[in-house]
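Taken together, the values in this text are just the output of simple stated rules run on the coordinates, not laboratory data. Because the structure is a prediction, the values reported are computed rather than measured. When we count neighbours, we look across all protein chains shown, and the Cβ atoms used for this are built from the backbone with ideal geometry, even at glycine.
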Amino acid sequence: MNDIEKENAKLNKIKQIQQVTATSLFSEAIKEKGIKDCSVEIIKSTMAENILLVNVKGNNVLLKASANVQEWIGDVQKIVDALSDETKSSNEIFDALMKTSLPPLEIPKKLANKVTLRRNKNGKARLFAQGILKNINFQSVKELELVGMTEIEEKALYHRFEDYKLKTLIIADGVKKIGSAAFCFDNLVSATLPDSVTECGSDIFKDCEKLTSLRLPKSLRVKDIFMIPEFLKHVTLSDAVTKIDGFFFLNCRSLESVEIPEGVTEIGMHSFEHCISLKSIRIPKNVVKINPCAFQDSENLSSIEFDGTVEQWNKMPKCPDWDDKVPAKVVHCTDGDAEK
């Protein structure tokens with residue numbers, strides 16, 4: 001063995017020792033708490049640092065541990081405690097992790113394909129990360145919550161025909177931007193977007209043909225950037241929404257129910273046009289204007305309720321053709337029925 005080979009062998013031995021040290025410290029801290037549903041794995045290793053994926057009860061976090069163990073050894077127990085604390089909310093766990101010397105990483109694009117999330121015994125997984133989410137693997141996960149990120153990249157989680165089991169997707173508060181076609185899962189049924197989201201690309205749930213329930217954020221505006229999937233059956237709007245934008249639910253042919261928040265004051269043009277599965281709607285008393293063609297061609301809308309009085313309904317400005325081809329004959333108010 002020449003000198004170069006000896007030096008390489010020495011360096012590799014040092015790396016192996018560092019890897020064992022990093023994983024064993026976390027494994028020992030987890031073992032001391034009596035936790036069995038856990039794992040620690042090396043995603044990348046250099047002489048200077050190790051990148052670890054730590055999983056405790058389905059709570060996953062990517063950490064960068066330097067070769068100098070003394071820099072972070074004092075926070076190992078704090079990290080394990082945070083990940084195993086079932087009394088804390090997702091954002092509280094993230095905040096606790098951020099206060100340690102090993103805060104959650106933004107997942108590097110080059111490593112994304114090497115990161116496979118681990119689920120708990122119920123099939124749920126949470127990922128704690130910073131920055132922009134580019135891609136991850138989690139084929140066996142049934143419920144996924146994303147915590148700490150500010151942006152989800154275009155096609156970041158587009159996994160059509162890849163046998164993903166995911167049925168429920170929850171994005172925690174903090175994400176501001178979601179790229180086009182960000183999500184695609186053959187089995188996705190329910191999704192929740194936080195109020196922090198202000199910008200979405202087009203078709204963010206492209207080809208999620210089993211998606212039936214969606215919770216939308218308060219400040220999202222539907223123009224050219226976002227389309228509500230036409231196969232949705234149930235939509236929940238944030239209580240902070242004050243206007244149903246024009247064309248918001250246009251051609252949502254499967255939409256069966258939507259709860260209009262109490263604070264809504266205006267229903268935009270064509271907002272519920274051609275919602276042919278919608279049979280009833282409740283309009284809050286604070287609505288003061290219904291724009292043209294708002295419910296046009298919703299041919300099965302046979303019941304309209306208004307939370308105000310007949311007098312309020314009659315005084316409300318309602319533009320021409322707001323109810324064109326709607327079969328409901330009257331509007332049920334709190335003190336009687338009013339003509340449409």
Original post:
Cα-Cα over 26 Å: which of K36/K210; K109/K142; K31/K78?
Top reply: K36/K210
Subject >> Percent of beta bridges antiparallel (DSSP, segment 239-340, rounded to nearest 5) >> reply: 25
Original post:
Using the count of nearby Cβ atoms within 10 Å as a rough guide to exposure, how do S238, S90, S271 rank from fewest to most?
Top reply: S238, S90, S271
Subject >> Calculated [θ] (222 nm, deg cm²/dmol) that DSSP helices of n ≥ 4 give over the chain, each run adding -39,500 (n - 2.57) >> reply: -5000 deg cm²/dmol
**OP:** Report the normalised scattering of the chain as log10 I(q)/I(0) at q = 0.08, 0.10, 0.12 Å⁻¹, calculated by the Debye formula with identical scatterers on the alpha carbons.
**Re:** -0.50, -0.69, -0.87
Subject >> ³J(HN,Hα), Karplus 6.51/-1.76/1.60, whole Hz, each residue of segment 274-283, x for Gly, Pro >> reply: 6, 8, 6, 9, 7, 9, 8, 8, 10, 9
Original post:
Running Debye on segment 239-340 with equal point scatterers at the Cα sites and no solvent, what base-10 log of I(q)/I(0) appears at q = 0.17, 0.25 Å⁻¹?
Top reply: -0.67, -1.58
**OP:** Pairs of Cα atoms under 8 Å, at least six residues apart: use those to get the relative contact order of the chain, whole percent.
**Re:** 7
Original post:
Remind me, relative contact order of segment 239-340 in percent, using alpha carbon pairs under 8 angstrom and six or more residues apart?
Top reply: 23
**OP:** For E71 and R282, calculate 0.36 nm times their separation in residues minus their Cα-Cα distance, and state this gained length in nm to one decimal.
**Re:** 70.1 nm
Subject >> DSSP-defined antiparallel bridges as percent of all bridges, the chain, nearest 5 >> reply: 30
Original post:
Taking 0.36 nm per residue of separation and subtracting the Cα-Cα distance, what length does fully extending E41 through N187 add?
Top reply: 49.7 nm
**OP:** Quick one: work out the % antiparallel among DSSP beta bridges in segment 15-152, nearest 5.
**Re:** 60
**OP:** Between beta-carbons, use under 10 Å as the cut-off and find the net charge around I260, counting Lys and Arg +1, Asp and Glu -1.
**Re:** -2
**OP:** Give, rounded to the nearest 20 debye, the magnitude of the charge dipole that segment 63-164 has about its Cα centre when Lys and Arg contribute +1 at Cβ and Asp and Glu contribute -1 at Cβ.
**Re:** 380
